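Remarks on the structure that follows.
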Amino acid sequence: MTITFAEFENVDIRVGTIVKVEAFPEARKPAYKLTIDFGPEIGTKRSSAQITKHYTMEELSGRQVAAVINFPPRQIGPFMSEVLTLGIPDEEGGVVLVQPSKLVPNGGKLF
């Protein structure tokens, strides 16, 4: 399926820094609850992320990640996920986070 560049521009992918990580034992699949700072213009948003295979809660705090910020919020059990944190599956299906290779300002838009 091919999309136009204008359609791609409608997906708002931004960089943010994880400022809080919480366990999410109520999730059907192992996951964390993330609070991500996208800078002063966007603020902080929350996300449920199934990234427990490769990341501990301690190593996630302070890490920059990419996320889609303009999807509607999604109820995941008792938690409202506001953004989709992006990742790519490894050969066994474990999620590896998409993140910039160098530190960039929070809120930076992927283009």
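Quick notes on this structure:
- Output for the stretch 59-69, where each listed residue is of a type outside the set (Val, Ile, Thr) and touching a residue at least 40 places away in the same chain (Cβ under 8 Å): Leu60, Ser61, Gly62, Arg63, Gln64, Ala66, Ala67
- Some residue of the stretch 74-92 being in contact with a Pro (Cβ under 7 Å, 6 or more places away or on another chain) and among the β-branched types (Val, Ile, Thr): no
- Leading residue by the ranking (farthest from Glu7 (Cα to Cα)) among those in the stretch 72-92 that are open to solvent by less than 50 Å² (accessible area, probe 1.4 Å) and in a loop (DSSP other than H, G, I, E, B): Asp90
- Where a residue in the stretch 83-103 is more than 13 Å from Thr17 (Cβ to Cβ) and its partner, wherever it lies, is open to solvent by 80 Å² or more (accessible area, probe 1.4 Å) and of a type in the set (Val, Ile, Thr), with Cβ under 8 Å and at least six apart: Val95/Ile88; Val96/Ile88; Val98/Ile88
- Qualifying residue in the stretch 102-109 (condition: crowded, with 18+ Cβ neighbours inside 10 Å, among the hydrophobic types (A, V, I, L, M, F, W, C) and assigned to a loop (DSSP other than H, G, I, E, B)): no
- Of all residues in the stretch 34-49, exactly one satisfies the criterion of being open to solvent by 80 Å² or more (accessible area, probe 1.4 Å) and under 24 Å from Glu7 (Cα atoms), namely Glu41.
- Cβ-Cβ contacts under 9 Å between residues 6 or more apart (or on different chains), taken from a first residue in the stretch 20-42 that is on the phi > 0 side of the Ramachandran plot to a second residue that is of a type in the set (A, V, I, L, M, F, W, C), are listed as Gly39/Val15.
- Meets criteria (in contact with a strand residue (DSSP E or B) (Cβ under 9 Å, 6 or more places away or on another chain), open to solvent by 20 Å² or more (accessible area, probe 1.4 Å) and β-branched (Val, Ile, Thr)) for Ile69: yes
- From Thr17, Thr4, Thr56, Thr52, residue being without any contact (Cβ under 8 Å) to a residue 12 or more places away in the chain, under 27 Å from Glu91 (Cα atoms), open to solvent by 20 Å² or more (accessible area, probe 1.4 Å) and hydroxyl-bearing (Ser, Thr, Tyr): Thr56
The values are calculated or read from the model by the stated rules, or taken from the named source; none is laboratory data. All values reported here derive from a predicted model rather than from experimental measurement. As a convention, Cβ positions derive from the backbone with ideal geometry for all residues, glycine included, and neighbour counts pool all protein chains shown. To get the accessible areas, we keep the full protein, side chains included, count just its heavy atoms, and leave off ligands, DNA and RNA. Shrake-Rupley method; radii C 1.70, N 1.55, O 1.52, S 1.80 Å.
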